[in-house]
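Comments concern the structure below.
The values are calculated or read from the model by the stated rules, or taken from the named source; none is laboratory data. Remember, predicted model here, so these are calculated numbers, not experimental data. Every residue, glycine among them, receives a Cβ derived from its backbone with ideal geometry; neighbour counts consider all protein chains shown. The area values use the complete protein model at the heavy-atom level, side chains included, leaving out ligands, DNA and RNA. Shrake-Rupley method; radii C 1.70, N 1.55, O 1.52, S 1.80 Å.
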Amino acid sequence: MRVLVIGSGGREHALCRSLKLDPQVAELHCAPGNPGIEEVSAVHPVDPLDPGQVAELATRLRVDLVVVGPEAPLVAGVSDAVREAGIACFGPSSEAAMIEGSKAFAKEVMKAADVPTARARACTSEEEAAAALDEFGAPYVVKDDGLAAGKGVVVTEDREQALAHARACSRVVIEEYLDGPEVSLFALCDGSTAVPLQPAQDFKRAYDGDAGPNTGGMGAYTPLPWAPEGLTEQTMREVVHPTIAELSRRGLPYQGVLYVGLALTAKGPKVVEFNARFGDPETQVILDRLETPLGGLLMAAATGELGLDPVFKEGSAVTVVIAAENYPEAPVKGDVITGLQETEHAYVLHAGTKWAGDDIVSNGGRVLSVVGNGPDQETARRNAYDLVERIGLRGSHYRTDIAR
């Protein structure tokens, strides 16, 4: 099959790397891509938020499958335009993608489907926000209702900080704090059925010890040896299947990946958030361990033909994000990157990079994802950090406690 991946980040590099390893994928394209993706795929200039441009490119390349990586193109309707052009697409419709595009919509769907989640209030005024903060108490959880690239959530003990975040957003969802470790579970959905991938854990705070502001994610690992037995089956039964059934009931069949962010509370798993796409950086480690060829899986989801659960390799994978100076506030761009050569058990996925003459330079907040693997978590972790320490990027920072 011929496949086109839409996006330019670390998640898309991971997708392209895995698709390149699938013997069924005869031709691989990515738009707009990045310097790392260029090593495994043909790249094409395109505005990923322009549904017409994407559909035209997919038609011109005569691809069999389009895989939409980021959330913004999904909400913009890219998958709808691709399907209208008669091409299979992995990614939900713009209406179904509102499961991520609007936190309030997601809460409404969860309530209708009886999915366990935090109590919440949607607020459009400062008075409503203040009342909701007082109702739920500290720690305060305030979420921008719309897309915010993983950085629209404030969790704080400071009521004024929480209120300031609410004030800065036109609409917010304020909810009770869910205590307990967080887990990410991705489910591939074909409109009527769903199959799970292996759970992973990511690290949202910028600095060691979960200090600093929320980010898009500073690292991840899989599998989770400490996760409760039967967690995946319970999540599919109590969360994923009821959610896609409720979306279908509303005339919004869900095709793509449903990302379930869970908090393992004392009262059982509860949904923190839904996303309508593969999470970044969890995708990097999950695909490293995936044994089932990726292209066939994504095509089956896009065409309503999902069958058996995917198979995963033994061992562990850890990814560490190298971020630009001043990330996440105002990341510095344009610094030269060195030391990108892979080792026997670790490799680099590009996230925010571009060419500057003959040099690869930083071009985003999260610049690189370094993936290490091994027979156990500690070995995978060591392999990842060994490569991280060889990479040069002025002013960059990374967490040293991923998967510790």
- request: Can you tell me which residue within the stretch 123-136, out of those that are touching a residue at least 40 places away in the same chain (Cβ under 8 Å) and open to solvent by 20 Å² or more (accessible area, probe 1.4 Å), is nearest to R167 (Cα to Cα)?
  value: E126
- prompt: Can you name every residue in the stretch 153-189 that is among the acidic types (D, E) and touching a residue at least 12 places away in the same chain (Cβ under 8 Å)?
  reply: E157, D158, E175, E176, D179, E182
query: Under the condition of being touching a Ser or Thr at 6+ places or on another chain (Cβ under 9 Å) and part of a strand (DSSP E or B), which residue from the stretch 195-218 is modelled with the lowest pLDDT?
result: R205
field: Segments classed as helices (runs of 4 or more DSSP H), wholly inside the stretch 231-344, with at least 1 members that are touching a Leu at 6+ places or on another chain (Cβ under 6 Å) and under 18 Å from L15 (Cβ atoms)
entry: 282-289, 294-302
Top-ranked residue in the stretch 234-248 [being surrounded by fewer than 19 Cβ atoms within 10 Å (Cβ to Cβ) and in contact (Cβ under 8 Å) with a residue 60 or more places away in the chain; ranked as farthest from Y177 (Cα to Cα)]: A245
message: Go through (1) of a type outside the set (D, E); (2) out of contact with any Cys (no Cβ under 9 Å at 6 or more places or on another chain); (3) buried (at least 18 other Cβ atoms within 10 Å of the Cβ); (4) over 20 Å from P328 (Cα atoms) for G230 and report which single condition fails.
response: (3)
- line: Looking across the stretch 185-226 at residues that are of a type in the set (D, E, K, R) and open to solvent by 20 Å² or more (accessible area, probe 1.4 Å), the single one that is nearest to L287 (Cα to Cα) is D202
query: Can R83 be described as surrounded by fewer than 23 Cβ atoms within 10 Å (Cβ to Cβ) and touching a residue at least 40 places away in the same chain (Cβ under 8 Å)?
result: no
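Here's the yes/no breakdown for (1) more than 21 Å from I286 (Cα to Cα); (2) surrounded by 22 or more Cβ atoms within 10 Å (Cβ to Cβ); (3) over 24 Å from the mean Cα position of the chain (by Cα):
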{"residue": "C16", "(1), (2), (3)": "no, yes, no"}
{"residue": "V25", "(1), (2), (3)": "no, yes, no"}
{"residue": "G33", "(1), (2), (3)": "no, yes, no"}
{"residue": "V40", "(1), (2), (3)": "no, no, no"}
{"residue": "H44", "(1), (2), (3)": "yes, no, no"}
{"residue": "T59", "(1), (2), (3)": "yes, no, yes"}
message: Yes or no: the stretch 354-362 includes at least one residue that is under 24 Å from the mean Cα position of the chain (by Cα), modelled with pLDDT of 95 or more and open to solvent by less than 10 Å² (accessible area, probe 1.4 Å).
response: yes
message: Could you tell me how many of the residues in the stretch 288-311 are open to solvent by less than 40 Å² (accessible area, probe 1.4 Å) and of a type in the set (D, E)?
response: 1
